[in-house]
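The structure appears below as structure tokens.
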Amino acid sequence: MLRDRVAKHVMLATSASHMPRARMHFERQGIQVTSLSCDFSTRGLAEQFDIAQLLPRGVALSQSEDCVKEWMGITATALQGGRLPGSSDAIAP
């Protein structure tokens with residue numbers, strides 16, 4: 001749709017965890033992307049190491065699930081002819 005309207009370059013704003021996969025979809029269509037990542041999963045300076053962080057927590061399991069889903073999406077997109085994040089070569093025709 002963007003390509004039909006002569007868009008050659010877009011600024012893509014999305015969650016940092018979704019950016020690699022979202023970028024792949026645009027680049028797959030031949031559209032150059034400038035990434036504007038937001039919603040990083042960190043608490044900044046408040047996230048200093050504490051030994052208690054090594055204990056299993058429900059929120060950590062949820063974050064792991066989100067990460068696995070994103071990597072599954074990246075893999076599926078790449079196998080459909082998308083480009084791996086940071087790569088100039090498609091892994092499938």
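How much accessible surface area, in Å² rounded to 10, belongs to the heavy atoms of L54 with a 1.4 Å probe? L54 has an accessible surface of roughly 120 Å² with all protein chains in place. Sorting R57, R28 by accessible area puts them as R57, R28; the probe is 1.4 Å, largest comes first, and only protein heavy atoms count.
The values are calculated or read from the model by the stated rules, or taken from the named source; none is laboratory data. Because the structure is a prediction, the values reported are computed rather than measured. Side chains included, ligands, DNA and RNA excluded: accessible areas come from the protein's heavy atoms. Shrake-Rupley method; radii C 1.70, N 1.55, O 1.52, S 1.80 Å.
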